[in-house]
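The values are calculated or read from the model by the stated rules, or taken from the named source; none is laboratory data. Predicted model, so just to flag it, every value in this text is computed and none were measured. All Cβ positions, glycine included, derive from the backbone under ideal geometry; neighbour counts span all protein chains shown.
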Amino acid sequence: MPIRVVMNKQSISILSLLLLCLSWEAGAYDEKDLGKLKAIGDCPSCDLSDADLTDANLYEANLLMANLSKVDLTKAILVHSSLFLANLTGANLEGATLTGANLTGATLIGANLSGANLTGAHLYKANLTGATLIGANLTGANLSEANLTKANLDGATLSEADLSVVNLSGANLTGANLTGANLFKANLSGAILCNTTKSDGRINDSGC
């Protein structure tokens, strides 16, 4: 009997370890999906979560509705890529080039977009809650109805951007440039405005 008890305990330990490994693997990216993306640049609805795509050239890639949560896209090229409804929660896009990219309805909660080039990008109804966009270039970008609650836009360029009906409540706009931006019905409640260039070109230091 004592031997049987020991064996049962060992079995439980092994089973627990196996389940832990399986749960860890379930949260990782799909190798086949990653290979498909690298081979043809077409991977809609793929699971690429936690993948390392640093410096990747994904020009005009199709990542529609893909799972890119916590993916590392540091300095990646995503020019004119389709990220429509993609999940980029917690993704690292620091220094990435996303000019003309389609991020309509994409989820970028807590994502790092510091120094990213989003010139002319489409971010209509995108969720950027708590995202970091320090020094990001959003010139001419469409952010209409996007959620930028508590986003950090310190030093970001938003010239000529469409910010109509955008939610910027609690956002940090210190040193941001909004020259010529469309702020129709934009929510700026609690936003930090310090050395911020307004749409009319004047400086707003009310939050300094």
- [ ] Return yes or no: is S199 over 21 Å from K70 (Cα atoms), assigned to a loop (DSSP other than H, G, I, E, B), among the polar types (S, T, N, Q) and touching a strand residue (DSSP E or B) at 6+ places or on another chain (Cβ under 8 Å)?
- [x] yes
Task: segment 98-116: number of residues that are surrounded by fewer than 21 Cβ atoms within 10 Å (Cβ to Cβ) and over 14 Å from A151 (Cβ atoms) - done: 5
Open item on the list: Being surrounded by fewer than 21 Cβ atoms within 10 Å (Cβ to Cβ) and of a type in the set (V, I, T) is the filter here; which residues of segment 171-196 pass it?
Closed with: T174, T179, I192
- [ ] Identify all residues within segment 87-97 that are surrounded by fewer than 24 Cβ atoms within 10 Å (Cβ to Cβ) and either under 17 Å from G130 (Cα atoms) or of a type outside the set (S, T, N, Q) (or both); write none if there are none.
- [x] N87, T89, G90, N92, E94, G95
Task: Selection status of D55, acidic (D, E), modelled with pLDDT of 85 or more and farther than 22 Å from G95 by Cα - done: no
Task: Filter pass, L168 being in contact (Cβ under 8 Å) with a residue 12 or more places away in the chain and either under 26 Å from V79 (Cα atoms) or crowded, with 21+ Cβ neighbours inside 10 Å (or both) - done: yes
